[in-house]
Amino acid sequence: MRNPAIEIKDLWFAYNGERVLDAVDLLLPAGEFLAVIGPNGGGKSTLLKLLLGLERPGGGFARVLGREPGQAGGHIGYLPQFTQVSASFPISVLGAVLLGLVRPGFDLPGLFRGGGARRAEREAAMTALSRVGLADLAQRRLSDLSGGQRQRALIARAIVSGPELLLLDEPTASIDGRSRQEFMALLARLNRDMTIVMVSHDMSTVDGCVTSIACVNRTLHHHAESRLTPEIFAEAVGADLKTGCPVELLAHGPVPHRVLLSHDDPNCCGGRHAHAPEDRNGGRP
Ligand code: ADP
Ligand code: MG
């Protein structure tokens, strides 16, 4: 039987003595697409860093692809939060993808001049770019791409070594509307070949594309649903769906946050409650 992609039991983690994650349990079978949602400061990025072995837990059990975190490096692709590309950074799209294959002895200056990699590495990078639909833009400067194209290039960098597990931290933050839908369709295709864990603030990206949802706010609640149902809201807040409104605080922990349905959504309160205008486009804490 395949190892679970992620197995965590009673894990905790503290920065400078202050616990930001506590009593975390998660069993994620291989092949899933998990969305991780929760408020700013709830511990989502820290959770990914623990899975990568970039931080070490204070206590508890964690296995990633059947190994200690940090021992599964080549089998994990990672897209960190806030990946900035300076306009003056002189690297091509192909060069940026090749950075995902950097090894001892890699000719990094050569990479910036458009060479510096072995033929097999260039082929692997072109294959990764084809998978994200950017093969035609391989020679463009990375900084010249649109937000959506750039995120796809960074996905190509994350998958160039053929990972079993892809960890994405807020990958849609810099992508708008239609490109975001295309980006999610791309992730759904990649999910046929690899387990995906995606941290997201954006409820519209979560809906339908994923196989399960984890709410992280100091601890973790794993819901085996692909949609954010009113029932998840109700369970989270103890609300009565008949009389209450599911547009509510989803408070799985000490940091309050709002997870909002569109006011026009039939799952919302049907107009029985007046929402402040700033609530309507929410989904953000
Ligand atoms: P999220 O990704 O859900 O917004 P983070 O995992 O980034 O949350 O942060 C969780 C908590 O840990 C926050 O209170 C944050 O301020 C704190 N924190 C994050 N990184 C560090 C760090 N390197 N040192 C100290 N505190 C940190
Ligand atoms: Mg974060």
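The values are calculated or read from the model by the stated rules, or taken from the named source; none is laboratory data. Computed from a predicted model, the values in this text were never measured in an experiment. Reconstructed Cβ throughout: ideal geometry from the backbone, glycine too, with neighbour counts over all protein chains shown. Ligands, DNA and RNA are excluded from the accessible area calculation, which covers all protein heavy atoms including side chains. Shrake-Rupley method; radii C 1.70, N 1.55, O 1.52, S 1.80 Å.
(1) assigned to a helix (DSSP H, G or I); (2) more than 16 Å from ligand 1 (Cβ to nearest atom); (3) touching a residue at least 60 places away in the same chain (Cβ under 8 Å): which one isn't true of ARG63, the others all being true?
That leaves (1) as the condition not met.
If I ask for residues that are more than 16 Å from ligand 2 (Cβ to nearest atom), of a type outside the set (Ser, Thr, Tyr) and surrounded by fewer than 14 Cβ atoms within 10 Å (Cβ to Cβ), which ones from region 74-87 would you list?
GLY74, ALA87
Which residues, counting only those in region 1-45, are among the basic types (Lys, Arg) and either away from ligand 1 (no atom under 15 Å from the Cβ) or over 23 Å from ASN191 (Cβ atoms) (or both)?
Hits for region 1-45 are ARG2, LYS9, ARG19.
Enumerate the pairs (first residue in region 2-19 and farther than 18 Å from HIS222 by Cα and assigned to a strand (DSSP E or B); second residue anywhere and open to solvent by less than 10 Å² (accessible area, probe 1.4 Å) and of a type in the set (D, E, K, R)) with beta-carbon separation below 9 Å, excluding pairs fewer than 6 apart on the same chain, so at least 6 apart or on different chains.
Listed pairs, sorted by first residue: none to list.
Look through PRO57, PRO90 and report the one residue that is more than 16 Å from ligand 2 (Cβ to nearest atom) and modelled with pLDDT of 90 or more.
After ruling out the rest, the residue left standing is PRO57.
Can you find even one residue in region 127-138 that is among the polar types (S, T, N, Q) and in contact with a strand residue (DSSP E or B) (Cβ under 8 Å, 6 or more places away or on another chain)?
No, region 127-138 has no match at all.
Quick one: in region 33-67, which of the residues that are among the aliphatic types (A, V, I, L, M) and over 15 Å from the mean Cα position of the chain (by Cα) is surrounded by the most Cβ atoms within 10 Å (Cβ to Cβ)?
Residue satisfying both the conditions and the ranking: VAL64.
Within region 141-238, considering only strands (runs of 3 or more DSSP E) that don't extend past its boundaries, which have at least 2 residues that are modelled with pLDDT under 90 and surrounded by 23 or more Cβ atoms within 10 Å (Cβ to Cβ)?
Fully inside region 141-238 and qualifying: 212-217.
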